[in-house]
Amino acid sequence: METTPAFTAGQYVGDDLWVPVLDGGTRQYVDLDTAATSSASVAVNRAVQEFLPWYASVHRGAGIRSQVTSARYEEARDVLVRFVGGDPATHLALFPRNTTEALNLLAYRLGLTKSDVVVTTEVEHHANLLPWARYAQLRTVAVDERGTFDVAAVEAALDQSPRPRVLAISGGSNVTGWLPDLRAIGAAARQRGVLVVVDGAQLVPHRPVDITALGVDVIAFSGHKMYAPFGAGALIAPRALLATGEPFLVGGGAVQAV
Ligand SMILES: Cc1ncc(COP(=O)(O)O)c(C=O)c1O
């Protein structure tokens, strides 16, 4: 049966693609795996095409194109911070490749040791487990038979000794789509002086997010799950948290003078 993917037609690059199928024929492609990686949107494609003539090195050249590119790169940080309800005066956006890299970067930059505790949950994607487990001890909030937990369960984990440094929690489950009550959970963690880090990989593409209203300190998400090609992710964190410490990557772009 021929179907027309009218609900997205024309909004995403590749909507008009016909692909070979097992019966030897061809069908119009319908992407049902966008939670893993979405197609690029027509708007993203247009913005990239329009900018490419101006594109040059970021912070590594004196020419006009490099200056324009560097200025747009810095502007993009503020756009991203505002996009999730943050204030560019207090928060900074970094551009890791994806959520995985964002959380690895953060776990490294926090200077955690094996005597530190990170509270996390059984809902998490491994991107929000393995980076923390590399440096610290995990204390994991269990889920019930529906794959959910309540605020009291998180509070109980936060109150165990030793006091945790970080609460690393998913904003939306990639398995069930469940959205934990971030506002209440964030408030509980902040009352206890625990840094709230949200894996926004499945939340940010699907809901408006306001980290200020939610009481969230840090959020990470992936551009490739929200209509950009792979390689443009986001880590939004308080400037104060990133002001000191060793860079995650050393080399090009990490020196003041050569
Ligand atoms: C909830 C959640 N967190 C983190 C990730 C990791 O995202 P990425 O592979 O873009 O780093 C995914 C990927 O599917 C996810 O669904």
Within the range 178-202, restricting to residues that are of a type in the set (Gly, Ala, Ser) and more than 18 Å from the chain's Cα centre (by Cα), the one that is nearest to Leu130 (Cα to Cα) is Ala189
The correct count of residues that are in contact (Cβ under 8 Å) with a residue 60 or more places away in the chain, within 14 Å of Leu103 (Cβ to Cβ) and either more than 12 Å from the ligand (Cβ to nearest atom) or assigned to a helix (DSSP H, G or I) (or both) in the range 211-240 is 3
The residue that is farthest from Gly171 (Cα to Cα), considering only those in the range 108-131 that are open to solvent by 60 Å² or more (accessible area, probe 1.4 Å) and within 11 Å of the ligand (Cβ to nearest atom), is Leu130
Out of (1) under 24 Å from Gly177 (Cβ atoms); (2) open to solvent by less than 20 Å² (accessible area, probe 1.4 Å); (3) of a type in the set (A, V, I, L, M, F, W, C), the one Val81 does not meet is (1)
Kindly indicate whether Val258 is more than 27 Å from Gly111 (Cβ to Cβ) and away from the ligand (no atom under 16 Å from the Cβ).
yes
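Listed here are the residues, each with its yes/no results for (1) in contact (Cβ under 8 Å) with a residue 12 or more places away in the chain; (2) part of a helix (DSSP H, G or I).
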site: Leu179; (1), (2): yes, no
site: Arg190; (1), (2): yes, yes
site: Val196; (1), (2): yes, no
site: His206; (1), (2): yes, no
site: Val250; (1), (2): no, no
By residue number, the members of the range 59-84 that are in contact with a helix residue (DSSP H, G or I) (Cβ under 8 Å, 6 or more places away or on another chain), modelled with pLDDT of 95 or more and not charged (D, E, K, R) are Val68, Thr69, Val84
| task | Go through the residues of the range 92-107 one by one and say whether even a single one is more than 14 Å from the chain's Cα centre (by Cα), within 16 Å of the ligand (Cβ to nearest atom) and open to solvent by 20 Å² or more (accessible area, probe 1.4 Å). | result | no
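The values are calculated or read from the model by the stated rules, or taken from the named source; none is laboratory data. Quick caveat, the model's predicted, so the values are computed rather than measured. Cβ: placed from backbone, ideal geometry, glycine included. Neighbour counts: every protein chain shown. The accessibility values were calculated without ligands, DNA or RNA, using every heavy atom of the protein model including side chains. Shrake-Rupley method; radii C 1.70, N 1.55, O 1.52, S 1.80 Å.
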